[in-house]
Amino acid sequence: MPAIKDDALVLRRLDYSESSQILVVLTRTHGLRRLIAKGAKRSTKTRFVPGIDLLERGWVVFLPGSRSDSHLGTLTEWLQTEAYLGLRTALPQWYAAQYAADVTVAAMEEAEPHVDLFDALAGLLGALSAGRSPLPEVVGYQCALLRSLGLWPDLSRCVLCDRVAPPGRAAYYGFHQGGLVCSQCVPAAGQVRKVGAAVLTSLRESDWPPDTVGPALALLDETLRHLIGRGTLLAKLDQGKVGSKQV
Ligand SMILES: [Zn+2]
């Protein structure tokens, strides 16, 4: 197979043997890829950390893997284009970026391109690196992730009986259904959570005032946890502002 060249973000990095790393990168037009970077840790002279760093952007050249090696591709070139240095000196922004990278790896299928999501993640890392407040940026990215994967919850009607949900009212949210559930359908819905009117308005309008950003983020995090079947790095984000109890 010919080599592939693409714009990429490093979402996960694992040391492998003395000199190599296994990377999970999100490429712009070739989706999520797992790559082995042989000898990456040797080329360290001009870098501030050895090897290829987590949450940096660069031009990648790789040989795609085959089915026999679990699709592990081989990285042949890496040219860093953006180090997002601001992330590395601000812990809240760093944790927010790690959260986004982790849920992206967990939620995406490999080798399925989502150009819009790549752009959203690059935008998030840029905003966080510039010192923007993490919570509105992360909740915006959660929305982009769910929309890009076709998993955005239906907040306009009951997903079980199609009854229209009136705007400006609190409603029940069903995690298994991925959307609102009317009070009559709640007994059939399994796990639900009552969501306040202001939070629903924020989610519908993608507007994140300080009083709804934390609850909206917690609700979307719980949605993501149902989809990926495991926990997230939410605990590392600001616990003072994020909490499902406030939803
Ligand atoms: Zn219903």
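The values are calculated or read from the model by the stated rules, or taken from the named source; none is laboratory data. For clarity, every value in this text was computed on a predicted model and none was experimentally measured. FYI the Cβ positions are ideal-geometry reconstructions off the backbone, even for glycines, and counts take in every protein chain you see. All accessible areas refer to the heavy atoms of the entire protein, side chains included, with ligands and DNA or RNA removed. Shrake-Rupley method; radii C 1.70, N 1.55, O 1.52, S 1.80 Å.
Specify the inter-centroid distance of segment 117-147 and segment 71-88, based on alpha-carbon positions, in whole Å. The distance from the Cα centre of segment 117-147 to that of segment 71-88 comes to 18 Å. For the chain, list log₁₀ I(q)/I(0) at each q in 0.09, 0.16, 0.17 Å⁻¹, using the Debye formula over Cα point scatterers of equal strength and ignoring solvent, two decimals each. Here the Debye-derived log intensity ratios amount to -0.44, -1.11, -1.21.
Given +1 on the Cβ of Lys and Arg, -1 on the Cβ of Asp and Glu, and no further charges, what dipole in debye does segment 4-83 carry about its Cα centre, rounded to the nearest 20?
Details: 13 positive and 9 negative charges, 16 e Å.
Charge dipole of segment 4-83: 80 debye, to the nearest 20.
Using r as the Cβ-Cβ distance of Ser17 and Asp119, and R0 as 45 Å, what FRET efficiency do you calculate, to the nearest 0.05? Write down the numbers at each step before the final one.
Values: r = 34 Å, r/R0 = 0.76.
About 0.85, to the nearest 0.05.
Extension gain, Arg169 to Lys38: 0.36 nm times the residue separation minus the Cα-Cα distance gives 41.6 nm.
Note the full-extension length gain between Cys161 and Gln184 as 0.36 nm times their separation in residues minus their Cα-Cα distance, in nm to one decimal. Could you put the intermediate results ahead of the total?
Values: separation 23, 0.36 × 23 = 8.28 nm, distance 0.91 nm.
Difference between extended and current length: 7.4 nm.
Rounded to the nearest 20, the size of the Cβ-charge dipole of the chain about its Cα centre is 400 debye, with Lys and Arg at +1 and Asp and Glu at -1. Taking K and R as +1 and D and E as -1, what net charge do the other residues with C-beta under 15 Å from the C-beta of His176 add up to? Charge balance near His176 sits at 0. When the residues Met108, Met1 are ordered by accessible surface, computed with a 1.4 Å probe over the protein chains alone, the sequence from largest down reads Met1, Met108.
Note that segment 108-247 shows a convex hull volume over its alpha carbon atoms of 118 Å³ per residue. Once both labels are positioned 7 Å from their Cα atoms along Cα-to-Cβ, the gap between Glu110 and Trp59 label points is 2.6 nm. Stretching the chain fully between Ser206 and His226 yields a gain of 5.0 nm (0.36 nm per residue, less the alpha carbon separation). Projecting the Cα atoms of Pro136, Val192, Gly65 onto the charge dipole of the chain, computed from C-beta unit charges around the Cα centre, puts Val192 farthest toward the positive end.
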